Amino acid sequence: MTRIVVKFGGTSVADVARIENAAGLVASEVARGHNVVVVVSAMAGVTNQLVDYCRAIDPFHDAAEYDPVVASGEQVTSGLMALALQKRGLSARSWAGWQVPIQTDLAHGRARIVSIPSGFLDKALTENEIPVIAGFQGITEEGRISTLGRGGSDTTAVAIAAAIRADRCDIYTDVDGVYTTDPRIVPGARKLDRISYEEMLEAASLGAKVLQTRSVEMAMKWGVPVQVLSSFAGAVGSDLPGTLVTKEEDIVEKQIVNGIAISRDDAKITLLNVPDQPGIAAAIFGPLARANINVDMIVQNVSTDGTATDMTFTVARSDVHRAVEILKNDSTMSACEIRTDSTVAKISVVGIGMRSHAGVAQTMFAALAEKRINIHVISTSEIKVSVLISEEYTELAVRALHAAYGLEARGRLE
Ligand code: ADP
Ligand code: ASP
Ligand code: MG
């Protein structure tokens with residue numbers, strides 16, 4: 001029997017009618033003789049509301065208390081989904097993360113899944129009962145509720161698919177697949193039939209929030225085929241109407257550039273007058289790392305006088321105030337001026353074909369230059385080039401790059 005994990009995102013369970021629609025999709029899979037595990041997100045907007053409640057009480061709230069608050073949205077949807085399935089004559093039971101249990105580490109608000117025992121899910125499936133799991137949430141070794149970071153229901157779904165050795169994990173959302181870029185920003189964006197784990201991982205980590213980055217990491221590690229598809233199209237996952245995220249070997253047409261990712265979640269920090277001496281980078285980035293603040297792009301200028309230099313780097317926008325506080329309180333930084341800019345966007349071009357093709361970055365720089373868009377910071381890896389620009393030029397830049405790489409028309413490798 002084919003085993004499928006199906007996950008419904010917030011807009012796919014936004015109200016009772018949408019939940020009933022999602023239950024109909026599950027029923028279609030069951031009618032085809034498949035074993036199904038369902039994972040649900042909170043109803044659209046609910047998690048944002050819950051986050052706002054926490055922030056209203058204290059912007060620097062205790063993450064261990066934020067978790068039980070924000071996890072509550074998924075509990076509501078899981079019960080409603082079980083009811084909607086029961087109404088269709090199916091046997092279904094809802095389960096919170098702690099009941100499975102989805103065991104996580106202690107990093108409240110951004111916890112990582114450590115283990116999921118499959119026994120209980122296997123038993124439910126052999127008894128033809130559909131488990132409906134509340135996504136996004138788990139339990140720490142201290143017995144406290146944890147959450148997996150925004151968008152974390154994707155990771156719950158893939159982790160469960162890995163644990164029960166599912167044949168596929170279908171992620172139902174509000175777009176019918178993974179596109180060359182966010183279709184809400186570039187209407188001419190093209191849907192991809194397939195994308196490799198590596199490309200999806202880069203795209204997700206660079207801002208394509210259609211899948212949470214960790215879900216792609218996990219899918220790649222355990223070889224789980226993931227399909228992104230729409231719950232609005234009336235299509236059933238088993239007909240493979242969406243985009244399949246899969247192994248590189250399964251991609252026949254390898255693109256030089258396969259997509260453009262956009263992130264408006266970064267902020268730029270510039271330190272002026274940094275002492276130009278050995279160990280300074282460790283002195284700056286060590287305390288940030290210890291505070292769990294991820295630093296992404298980094299540029300250090302050449303010192304003109306041999307004593308002081310400037311350094312620019314990016315952190316998540318939500319971390320910028322904490323980062324500045326840490327830097328201000330650091331004695332090595334006492335002579336530095338700290339500037340921040342949260343009106344930046346990171347635009348990245350991604351493609352596995354880049355490994356064997358030169359000139360990809362130059363096409364990007366030329367397209368941006370033609371639109372007179374200034375680049376603040378550049379970073380590259382084997383399969384991506386990222387630039388940091390002013391946020392106001394995001395749409396202009398993405399449209400220009402989409403055209404420059406011929407993404408509507410397909411920039412095929414010979
Ligand atoms: P859900 O609530 O179902 O988890 P999300 O809002 O997290 O949905 O993710 C779906 C959204 O991801 C789409 O509405 C789209 O705007 C956005 N998105 C960003 N980049 C892409 C891309 N390359 N392809 C498809 N969707 C994308
Ligand atoms: N409800 C959570 C969020 O909005 C998790 C998810 O939707 O994946 O981030
Ligand atoms: Mg999501």
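The values are calculated or read from the model by the stated rules, or taken from the named source; none is laboratory data. Here the structure is a predicted model, which means the values were calculated and not measured. Note that each Cβ is placed from the backbone with ideal geometry, even for glycine, and that neighbours are counted across all protein chains shown. Ligands, DNA and RNA are stripped out before the accessible areas are found, and what is left, the full protein with its side chains, is counted by its heavy atoms. Shrake-Rupley method; radii C 1.70, N 1.55, O 1.52, S 1.80 Å.
Can you list which of the chymotrypsin sites (Phe, Trp or Tyr not before Pro) found in the range 4-74 are DSSP loop residues with at most 14 other C-beta atoms within 10 Å?
Values: sites: F8, Y53, F60, Y66; in loops: F60.
The qualifying sites are F60.
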For this session: Using the Cα centre as the reference, give the magnitude of the dipole from point charges on the C-beta atoms of the chain (Lys, Arg: +1; Asp, Glu: -1; all else neutral), rounded to the nearest 20 debye.
Result: 660 debye
Exercise. How many nm is it between the label spots at T332 and A233, if each spot is 7 Å from the Cα in line with the beta carbon?
Worked result: 5.1 nm
Exercise. Considering only G9, L83, T246, whose Cα is most displaced toward the positive end of the charge dipole of the chain, charges sitting on Cβ of Lys, Arg (+1) and Asp, Glu (-1)?
Worked result: L83
Exercise. Counting pairs of alpha carbon atoms under 8 Å apart in space and at least six apart in sequence, what relative contact order in percent does the chain give?
Worked result: 14 percent
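Scan the range 182-284 for chymotrypsin sites (Phe, Trp or Tyr not before Pro) in coil per DSSP, keeping those whose Cβ has at most 16 other Cβ atoms within 10 Å, and list them by number. Walk me through the numbers before you get to the answer.
On the way: sites: Y197, W222, F232; in loops: F232.
Those that pass, being in a loop and sparsely packed, are F232.
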Exercise. So how much slack lies between K209 and A289, counting 0.36 nm per residue of separation and subtracting their Cα-Cα distance, in nm?
Worked result: 26.4 nm
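Report the Rg/Rh value for the range 1-156, based on alpha-carbon coordinates and the Kirkwood definition of Rh. Don't skip to the answer; put the middle values down first.
Details: Rg = 15.4 Å, Rh = 15.6 Å.
So for the range 1-156, dividing Rg by the Kirkwood Rh gives 0.99.
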Exercise. Along its principal axes, what span do the Cα atoms of the range 257-378 show, with the longest given first and each in whole Å?
Worked result: 45, 34, 28
Exercise. Once you put a point 7 Å from the Cα of E129 and another 7 Å from the Cα of E382, both along the Cβ direction, what distance in nm separates them?
Worked result: 4.5 nm
For this session: For the range 348-368 and the range 99-162, write down the distance between their C-alpha centroids in whole Å.
Result: 38 Å
For this session: Give me Rg over Rh for the chain, both radii from the alpha carbons and Rh done the Kirkwood way, two decimal places.
Result: 1.00
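Could you put K87, K7 in order of accessible surface area, largest first, with the 1.4 Å probe and the full protein assembly present? Don't skip to the end; give the middle numbers.
Numbers: K87 150, K7 15 Å².
Highest to lowest solvent-accessible surface, that is K87, K7.
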Exercise. DSSP H helices in the chain with Cα extent of 20 Å or more along the helix axis and mean Kyte-Doolittle hydropathy at least 0.5?
Worked result: 16-31
For this session: Please give the net charge around F60, taking every other residue with its beta carbon less than 14 angstrom from that of F60, where Lys and Arg add +1 and Asp and Glu add -1.
Result: -3
